[in-house]
Amino acid sequence: MRATVRYRIEPPPPPGQPSLTDAVGTVLVNTADEVVLQTRRGELRIPRDRIVATRIIPNATPRRGVVGSEVTPLELWRATADAWPAMETGHLGEWLLRASRGFTARGNSVVPVGNPGLPLPDAIDAVEQWYAARGLPPNLTIPGPAGFDPTHDPLARLAVARGYAASQPSLFLTGATATIAAQLREPVIVGYGGVGVRGVGSRAKITTETELTEAWLAAYGGYRTPDPVAARAILTGSPAQVFATAQIGGRVVGIGRLGLGSPGPARWGGIAAMWVDPAYRRQGIAAALLSRLVSEAADRDAANLHLQAWHSNTAALALYRHAGFRVHHAYVNVSRPT
């Protein structure tokens with residue numbers, strides 16, 4: 001049986017802050033003294049005298065059209081972690097800790113799936129110690145529905161009370177490779193970036209390599225400043241990867257990367273590092289890069305694809321949604337400077 005339990009926060013928060021919070025999970029214990037829920041963070045014990053209201057809820061059902069909707073957001077993160085692999089990983093109970101010299105949030109954050117084996121305050125202490133030993137700020141991935149308030153999450157609320165701050169929201173999108181490939185074969189993309197694009201990427205020559213080239217890496221460094229050691233380790237660290245390059249007149253005008261998990265029936269492919277030179281945008285180059293990477297994923301038996309994008313990146317999201325990607329969940333990274 002699953003339930004939502006509303007209860008009082010103790011000790012009480014400062015004046016002006018909410019005094020009640022909600023927890024959702026499977027009911028493990030229901031006695032006159034306490035209710036114990038199995039939440040995605042682990043077991044949560046709530047004294048009966050702090051409970052204000054309870055509500056029985058049905059089990060979650062898959063959302064129509066959303067690939068992977070039968071699994072929780074953090075379970076999906078763990079299943080697809082190979083697409084952007086960290087240089088170093090560790091575990092705190094069932095939580096996954098990742099460190100990569102500070103290069104990208106995905107390579108340097110906690111995926112707090114399951115039970116950390118400690119009460120949440122002690123778990124945060126352990127996380128902070130693990131990252132401090134590596135000279136990095138602690139960073140927690142907090143998922144939720146689009147537009148969610150991360151402070152409603154018990155882990156995020158504890159972190160914010162310690163001085164952590166939330167990043168701007170991102171969206172985690174998924175889609176079936178075959179569906180996306182078919183959609184991208186359409187000759188006209190309507191509405192991408194506010195304009196119609198005909199003959200997607202027709203001016204650009206798209207090539208792919210399974211090895212990281214200096215030309216590709218130089219283009220990647222044109223829009224973000226990478227740690228060269230960490231960037232190479234992450235970009236080449238998946239079980240397999242494909243690097244796509246768009247060129248016009250011999251000039252690199254766009255790039256993208258496909259990271260693949262281990263071969264098997266549940267193989268996922270992750271699209272990342274998509275970039276087009278600002279002088280060549282709205283010409284279908286991003287769509288052409290995406291189409292080639294999706295084709296490469298199909299050739300390598302990756303049945304499903306995922307990608308992440310800032311919620312504010314409306315042009316990219318228009319392309320991805322046209323292609324058939326759908327929002328699985330939103331997330332923020334909650335971190336504290338060292």
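The values are calculated or read from the model by the stated rules, or taken from the named source; none is laboratory data. Please read all numbers here as calculations on a predicted model, not as lab measurements. Ideal geometry is used to build each Cβ from the backbone, glycine not excepted, and the neighbour counts take in all protein chains shown. Note: accessible area is taken over every heavy atom of the protein model, side chains too, but ligands, DNA and RNA are not part of it. Shrake-Rupley method; radii C 1.70, N 1.55, O 1.52, S 1.80 Å.
Looking only at trypsin sites (Lys or Arg not before Pro) in DSSP loops with at most 12 other Cβ atoms within 10 Å, what is the longest site-free stretch of the chain? Don't jump to the answer; show the numbers that get you there.
Numbers: sites that count: R64, R185, R224.
In short, 65-184.
Is there a quick way to get the dipole size of the chain? I mean about its Cα centre, with the Cβ of Lys and Arg at +1 and of Asp and Glu at -1; what is the value in debye to the nearest 20? Spell out each step's value before the answer.
Values: 34 positive and 25 negative charges, 189 e Å.
In debye, rounded to 20, the chain gives about 900.
Count charges around S262 for me, please; just the other residues with Cβ under 14 Å from its Cβ, Lys/Arg as +1, Asp/Glu as -1.
Details: positive: R78, R267, R300; negative: D82, D301.
Net local charge, S262 excluded: +1.
What FRET efficiency would be calculated for the residue pair T207, I51, taking the C-beta separation as r and a Förster radius of 35 Å, to the nearest 0.05? Kindly include the intermediate steps, with their values, before the conclusion.
On the way: r = 61 Å, r/R0 = 1.74.
E between T207 and I51, to the nearest 0.05, is 0.05.
Given DSSP loops and a limit of at most 13 other Cβ atoms within 10 Å, what is the longest stretch of the chain that contains no such GluC sites (Glu not before Pro)?
Working: sites that count: E70, E211.
Within the chain, the longest run free of exposed GluC sites (Glu not before Pro) spans 71-210.
Residue by residue through the stretch 294-306, which ³J(HN,Hα) values in whole Hz follow from phi under the Karplus form 6.51 cos²θ - 1.76 cosθ + 1.60 (θ = phi - 60°), with glycine and proline marked x?
Rounded to whole hertz, the list is 5, 4, 5, 5, 5, 5, 9, 6, 8, 6, 10, 10, 9.
With a 1.4 Å probe and every protein chain kept in, tell me what percent of the accessible surface of the stretch 197-307 is carbon plus sulfur. Mind showing how you got there, number by number?
Working: 2270 of 4730 Å².
Carbon and sulfur atoms account for 48 percent of the accessible area of the stretch 197-307.
Can you put L305, L212 in order of accessible area, largest first, using a 1.4 Å probe?
On the way: L305 0, L212 30 Å².
The ordering from most to least exposed comes out as L212, L305.
Simple spin-label model, 7 Å along Cα-to-Cβ: A266 to I9 in nm?
Modelled inter-label distance: 3.6 nm.
How far is helix 314-323 tilted, in degrees, relative to the longest principal axis of the Cα atoms in the chain, given as a value from 0 to 90 rounded to the nearest 10?
80 degrees
What is the helix-to-structure angle for 120-132, meaning the angle in degrees between its Cα long axis and the longest Cα principal axis of the chain, kept from 0 to 90 and rounded to the nearest 10?
40 degrees
Shape verdict for the chain, please, from the Cα gyration tensor: rounded (a/c under 1.5), prolate (a/b greater than b/c) or oblate. Could you put the intermediate results ahead of the total?
Numbers: a/c = 2.22, a/b = 1.77, b/c = 1.25.
Because a/c hits 1.5 or more and a/b exceeds b/c, the chain counts as prolate.
Classify the stretch 213-338 from the C-alpha gyration tensor, please: rounded if a/c falls under 1.5, else prolate or oblate depending on whether a/b exceeds b/c.
Numbers: a/c = 1.15, a/b = 1.08, b/c = 1.07.
It comes out rounded by the Cα gyration axes.
From largest accessible area down, sort H311, H91; use a 1.4 Å probe on the protein chains.
On the way: H311 90, H91 135 Å².
Solvent-accessible surface, decreasing: H91, H311.
What does the C-alpha gyration tensor say about the overall shape of the stretch 197-270? Classify as rounded when a/c is under 1.5, otherwise prolate if a/b is larger than b/c, or oblate.
Oblate, because a/c is 1.5 or more while a/b does not exceed b/c.
How much mean residue ellipticity at 222 nm does the chain get from its helices, if each DSSP H run of length 4 or more adds -39500 (n - 2.57) and you divide by all residues, to the nearest 500 deg cm²/dmol?
Values: 8 runs with 76 residues, N = 338.
Helices in the chain give a 222 nm mean residue ellipticity of -6500 deg cm²/dmol.
Tally Lys and Arg at +1 and Asp and Glu at -1 over the other residues with C-beta under 11 Å from the C-beta of L212: what net charge comes out? If you can, show how the numbers build up before the last one.
Values: positive: R232, R257; negative: E209, E211, E214.
Summing Lys and Arg as +1 and Asp and Glu as -1 gives -1.
Net charge near A279, counting Lys/Arg +1 and Asp/Glu -1 over other residues with Cβ under 13 Å of its Cβ?
Numbers: positive: R203, R251, R281, R282; negative: D277.
So the surrounding residues net to +3.
Need one value: the accessible area of D277 in square angstrom, 1.4 angstrom probe, rounded to the nearest 10.
D277 exposes around 20 Å² with every protein chain in place.
With springs connecting C-alpha atoms under 10 Å apart, model the chain as a Gaussian network and identify which of I142, I248, I180 has the largest mean-square fluctuation.
I248
Would you mind getting the accessible area per residue of the chain, heavy atoms of the protein chains only, 1.4 Å probe, in Å²? Could the numbers behind the result be given before it?
Working: 15930 Å² over 338 residues.
Computed with neighbouring chains in place, this is 47 Å² per residue.
Pulled fully out, how much extra length does the chain show between R2 and N313, if you take 0.36 nm times their separation in residues and subtract their Cα-Cα distance? If you can, show how the numbers build up before the last one.
Values: separation 311, 0.36 × 311 = 111.96 nm, distance 3.57 nm.
Value of the extension gain: 108.4 nm.
Using 0.36 nm per residue, how much length does the chain from S167 to R300 gain when fully extended, once their Cα-Cα distance is taken away? Walk me through the numbers before you get to the answer.
Values: separation 133, 0.36 × 133 = 47.88 nm, distance 3.41 nm.
Full extension of this stretch gives 44.5 nm more.
Within the stretch 1-111, what whole-number % of the accessible surface is contributed by carbon and sulfur, with the 1.4 Å probe and all protein chains included in the calculation? Walk me through the numbers before you get to the answer.
Details: 3180 of 6210 Å².
Roughly 51 percent, rounded to a whole number.
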